[in-house]
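**Q** Before I ask anything, here is the structure I am working with.
The values are calculated or read from the model by the stated rules, or taken from the named source; none is laboratory data. Note that the structure is a prediction, hence the values are computed from the model and not measured. In this analysis, Cβ positions are derived from the backbone assuming ideal geometry, glycine residues included, and neighbour counts consider all displayed protein chains. Heads up: the accessible areas ignore ligands, DNA and RNA and are worked out on the full protein's heavy atoms, side chains in. Shrake-Rupley method; radii C 1.70, N 1.55, O 1.52, S 1.80 Å.
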Amino acid sequence: MADLARIAGVSAGTVSRALAGKALVNAETRDRIQALARQHGFKPNQMASKLRTGRTGVIGVVIPLGHEKRQHISDPFFLTLLGHLADELTESGYDVMLSRAMPDGSTDWLERLSGSGMVDGIIVIGQSDQFPVIEQVSQTYRPMVVWGHYRSGQSHCVVGTDNELGGRIAVEHLLAAGARNLAFLGQTGGIEIATRYRGAAMAAEAAGAPFVHLPVELADESMGPQIEQALATAGRAIDGPIDGIVAASDLIAMSALRILHDMGRAVPGQVRIVGFDDLPLAAQTTPPLTTIRQEIAEGARALVEKLRARIEGLPTQSLVMPPRLVVRQTTQS
């Protein structure tokens, strides 16, 4: 910068302001300095600039998997949300640092990132079974927003879906479509899925419908065999074959579709299925999947907007988005 200042016949401070596009330097001088910089191949040191401003230009995106240790980031839900987040963050001028956290009994996984000085803010995708850890860190670390479930009175800022309502809508739709013996497929160690299950169970109880919980992991390698075993034995628990399934996610619903096909059980003729998420793949299954839609793109946009506000010290409020039933052929005879 000193060399460029000498060539231009101005001070180093003027060069710095001109390259930053500051209006403090008149347009003619600014254009001349920027042209000289291009001519001499001068590029500002981005690290030095970030040190000076106290900003890294990086947002940490962390996925805690305390309850599903074998689940992968390649899960279609994660990839869909990450894609939207990457677009929003890039348009806001940020780079992304992605982390898959495996707490394994440790409670400092989030503090290590928030105190690292490597990021300007953090987006947490899912609370897993780590709600208390996230809540504790949020007391002292402000620039953080979480995709997940909102509890009244919590301190951390959340963007997510009304999961209990989604579970209830799924059961009510199955019953209206003619299903009578219902099952919920999914593990309930994470808050979001546990809340979906609660809503589904309450709706089934209100209708007096038989309802059974079939725990299924979100890890690809174990999901198929668990679904097959669960469906083969579930009828004994409620004295009749399962004819309506609420899946905790679209991925579980897609696996159930394949297993039911292999078992010779027709969908929707013998079994009706409702997924949860409305991923792009949901409309491509055979038959296309009825599902509870989460507004993932809108949620990603809200996460970034709220995080930017919190980085600037502005107040934010959590956002709980309504779910929406998307009816396709897995529930239509």
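**Q** In the range 232-263, which residue that is acidic (Asp, Glu) and closer than 20 Å to residue 200 by Cα is farthest from the chain's Cα centre (by Cα)?
**A** 239
**Q** Name, by its number, the condition in (1) crowded, with 22+ Cβ neighbours inside 10 Å; (2) modelled with pLDDT of 95 or more; (3) within 18 Å of residue 190 (Cα to Cα) that does not hold for residue 135.
**A** (1)
**Q** Filter the range 4-53 down to residues that are among the aliphatic types (A, V, I, L, M), modelled with pLDDT under 85 and part of a loop (DSSP other than H, G, I, E, B) and give me whichever is surrounded by the most Cβ atoms within 10 Å (Cβ to Cβ).
**A** Per the criteria, the residue is 25.
**Q** Hey, does the range 149-158 have a residue that's of a type in the set (Val, Ile, Thr) and farther than 30 Å from residue 244 by Cβ?
**A** Yes - at least one qualifying residue is present in the range 149-158.
**Q** Next question. For the range 187-205, how many residues meet the condition of being within 14 Å of residue 172 (Cα to Cα) and open to solvent by 30 Å² or more (accessible area, probe 1.4 Å)?
**A** 4
**Q** Can you work out which of the residues in the range 250-261 that are open to solvent by 10 Å² or more (accessible area, probe 1.4 Å) and touching a residue at least 40 places away in the same chain (Cβ under 8 Å) is nearest to residue 333 (Cα to Cα)?
**A** Per the criteria, the residue is 257.
**Q** Still on this model: Report the residue count in the range 305-328 for those that are under 23 Å from residue 87 (Cα atoms) and in a strand (DSSP E or B).
**A** 3
**Q** Among what's in the range 63-94 and is at pLDDT below 95, among the β-branched types (Val, Ile, Thr) and within 14 Å of the chain's Cα centre (by Cα), pick the residue that is surrounded by the fewest Cβ atoms within 10 Å (Cβ to Cβ).
**A** Only one residue tops the list, namely 73.
**Q** Being under 30 Å from residue 156 (Cβ atoms) and touching a residue at least 60 places away in the same chain (Cβ under 8 Å) narrows it down to one residue among 275, 240, 244, 299; which is it?
**A** From the options 275, 240, 244, 299, the qualifying one is 299.
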